[in-house]
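Student: Quick one: structure below, then a few questions.
The values are calculated or read from the model by the stated rules, or taken from the named source; none is laboratory data. Because the structure is predicted, anything quoted here is derived from the model rather than measured. Virtual Cβ from ideal backbone geometry, glycine too; neighbours counted across all protein chains shown.
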Amino acid sequence: MNNCSSCHGDTPTATPVGPKKNALHVPTTQDCSLCHVPGTFKPSVFDHTGIVDNCASCHGDNATAAVTKKNSGHLSTTEDCSLCHNTTAFAGARFDHTGITNNCASCHDGATARGKTPPPNHVPTNGDCSDCHQTTGFRPATFDHVGIVDNCRSCHDGKYAIGKTDSHVPTNQDCGICHTTTSFIGAGFNHTGIVNNCASCHDGGTARGKNNGHIATALDCSSCHTTATFKGGTWTHDSSSAGNCDQCHDNGGGATEKPNGHLGTNEQCDVCHSTNGWAPSTFQHNRNGNYPGDHRRNPGCTGCHKGSIGGGINSGNYPNQLRYAPDCAGCHANDFDSESDHIGGKSGTVEQNKNCGRSGCHRVSDSDFD
């Protein structure tokens, strides 16, 4: 049905006369049936097909109650509605920020559009929103720290901005003492004035502590290390007990141990070496060897210091020494009758002292290794 205005028009001629457009009606010459249905005027839906602009001709500030207009909290603008809204709903409007580079707070005041409050944890600032935010979204935001050199905690208190973590070094110093304004990571602690009590931070939780291979000690880090670096630590041997070198200088003790070419000996390090350094060292030939008989008392130098055993060096220090043979047979493998019966088990000997020279069979009486 159409031609409604033949009855409901401004000059109705038909009977009974029905309502005509009231004073609040949208100005239009279109037929009523485009929006209304027979039997009732309400609800009515305006067909916005083909309407792409000039919204304010109906939805403008002068619009009557019959047509929705900008509410009191609307952004202050003279732009056409279609720049933000679509013809199906007012909600979900997206403001086109193209060309907007500053003065954000003229809209983003927390009433007209989202502003600093809420949220309540916004960094206190009088700077323009554009200093940190971009027009495509509030997040992520990057604070420009240019000119910020101290008083970091006014923001970095864990409420407004990231603060100290639970594992942070206990300190009341300003963040800028260790951190830069570009990143928290890579901080360098200024140890100036720190001379002891290192373990209060270097406990393995707050800051790096002793590793698994560290020498077992309860001494303060500063006894060996400097505040500039852990590497190059020097152990102070003043408090070390004589004859206990192997508590650290052995396999797994955490300190330098005997190299592969070291002389075969069970003596403590300090018998030959000093606590000031491995070199120079002095070998005491009358007690340091583990060899029987005259081999211990008066061995010939060339017996050890020759070929692959001693490197052919006869004086001074011997940094490249190889191991002595671990037992008699290491040198005298061809000196004995291989068909002779050997004493087995513990017969006639003390197990820990049993070797060729002490077995009761092979007695060494000369000092020649050859």
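Student: Report yes if Thr227 is surrounded by 13 or more Cβ atoms within 10 Å (Cβ to Cβ), among the β-branched types (Val, Ile, Thr) and modelled with pLDDT of 55 or more, otherwise no.
Tutor: Details: surrounded by 13 or more Cβ atoms within 10 Å (Cβ to Cβ): yes; among the β-branched types (Val, Ile, Thr): yes; modelled with pLDDT of 55 or more: yes.
Answer is yes for this residue.
Student: Quick check on segment 23-40: of everything there that is at pLDDT below 75 and closer than 24 Å to Ser57 by Cα, which residue is surrounded by the most Cβ atoms within 10 Å (Cβ to Cβ)?
Tutor: Going through segment 23-40, the residues at pLDDT below 75 turn out to be 23-24, 39.
The next check asks that each one be closer than 24 Å to Ser57 by Cα; those that pass are 23-24.
Details: Ala23: 6, Leu24: 10.
It comes out as Leu24.
Student: Kindly establish whether Ser44 is surrounded by 13 or more Cβ atoms within 10 Å (Cβ to Cβ), part of a loop (DSSP other than H, G, I, E, B) and not hydrophobic (A, V, I, L, M, F, W, C).
Tutor: Yes.
Student: If the Cβ limit is 6 Å and pairs must be 6+ apart or interchain, which residue in segment 115-132 that is among the hydroxyl-bearing types (Ser, Thr, Tyr) pairs with which residue that is surrounded by 11 or more Cβ atoms within 10 Å (Cβ to Cβ) and not in a loop (DSSP other than H, G, I, E, B)?
Tutor: Pairs that qualify, where the first residue is among the hydroxyl-bearing types (Ser, Thr, Tyr) and the partner is surrounded by 11 or more Cβ atoms within 10 Å (Cβ to Cβ) and not in a loop (DSSP other than H, G, I, E, B), are Ser130/Cys104.
Student: On the given criteria, is Cys152 surrounded by 14 or more Cβ atoms within 10 Å (Cβ to Cβ) and farther than 29 Å from His202 by Cβ?
Tutor: In short, no.
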